[in-house]
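Structure record follows, encoded as structure tokens.
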Amino acid sequence: MSPRLSHLLVALCGIVGTVLLGTYFGVGFSVGLANLPPTITQSQVVNLATQYQNLWYLGTWLQATGSMLSVIFFLALVQRAGAAARLSGMLTLLGSAVLLAVVLLEGLFTIDLAQAAVNGHLATSLTSYDLMTMFIHIYPLAPAPLIFLALGTVLVGSPVLPRSFGYLALALGGLFEIVGLVGLFTTPILTLIPLALQSLWLLAAGIAFLVRPEKAPDPAAARAREGAIAQHE
């Protein structure tokens, strides 16, 4: 694969991943599936699961695929920064793995929510719904802050993107951690604020990476920079 095509595909992962996730939340809010009350009853869950069965399936695909593309973009930034062997790079990898695990678990419960209702397993459908809605609590507690704090550290010391993206990622990681804690004792709806900011960051980062000229890698310079940074970590 040519460097130019690779550069384009990495940028598209960040942009398209953000669009898919935005579509996921947009569709959910437009039909009222993303803001169901916590007091919803079993009969209401079953009715929604059967009425919007295909939308539950589509939402699972949008979220899983959008998250996967976003993770590819994160890891590509780490690789382009020559930080894959540094602690910050490895923590970005770890956070991305946790993110995909959480997303796939939510997708599993979402599919089971709809499938169990259709098959007449009413109690299972309600249980899957309860577990599925816990994603909004888990994401800001571990995956999001880990990814953005680690990735921000990588970007601050790298020319892959303008340095401002690194500082914004660090701020976003801190905001996720605060909102994750506060949301446990108040309302998880607060998570929507950093989620919206995350979408803006990803979209802007993808565009910035796309228009940023692709530079041929300098192995000697990369090793020297990585050695210098490693001494300070």
Since GLY17 meets every condition but one in (1) in a helix (DSSP H, G or I); (2) farther than 20 Å from PHE148 by Cα; (3) small (Gly, Ala, Ser), which condition does it not meet? (2)
Which one is surrounded by the fewest Cβ atoms within 10 Å (Cβ to Cβ), of the residues in the range 20-38 that are aliphatic (A, V, I, L, M) and outside any loop (DSSP other than H, G, I, E, B)? VAL27
Check THR41, THR50 and return the single one that is more than 23 Å from THR153 (Cβ to Cβ), in contact (Cβ under 8 Å) with a residue 40 or more places away in the chain and exposed (fewer than 15 other Cβ atoms within 10 Å of the Cβ). THR50
Just to be sure, is SER70 under 21 Å from the mean Cα position of the chain (by Cα), farther than 17 Å from GLY28 by Cβ and crowded, with 22+ Cβ neighbours inside 10 Å? yes
Leading residue by the ranking (nearest to SER70 (Cα to Cα)) among those in the range 92-132 that are of a type in the set (Ser, Thr, Tyr) and touching a residue at least 40 places away in the same chain (Cβ under 8 Å): SER96
Just to be sure I understand, how many residues within the range 165-179 are over 18 Å from LEU203 (Cβ atoms) and aliphatic (A, V, I, L, M)? 3
What helices (runs of 4 or more DSSP H), lying completely within the range 76-190, carry at least 2 residues that are buried (at least 19 other Cβ atoms within 10 Å of the Cβ) and of a type in the set (Ser, Thr, Tyr)? 87-118, 122-132
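Quickly run through the range 191-233 and pick out the residues that are outside any helix (DSSP H, G or I) and either at pLDDT below 65 or over 22 Å from ALA76 (Cβ atoms) (or both). Let's see the steps before the verdict.
Within the range 191-233, the subset outside any helix (DSSP H, G or I) is 212-218, 231-233.
If the condition is that a residue be outside any helix (DSSP H, G or I) and either at pLDDT below 65 or over 22 Å from ALA76 (Cβ atoms) (or both), then GLU214, LYS215, ALA216, PRO217, ASP218, GLN231, HIS232, GLU233 are the ones that fit.
The values are calculated or read from the model by the stated rules, or taken from the named source; none is laboratory data. What you are looking at is a predicted structure, and each value in this text was computed from that prediction instead of being measured. We place every Cβ from the backbone using ideal geometry, glycine too, and count neighbours over all the protein chains shown.
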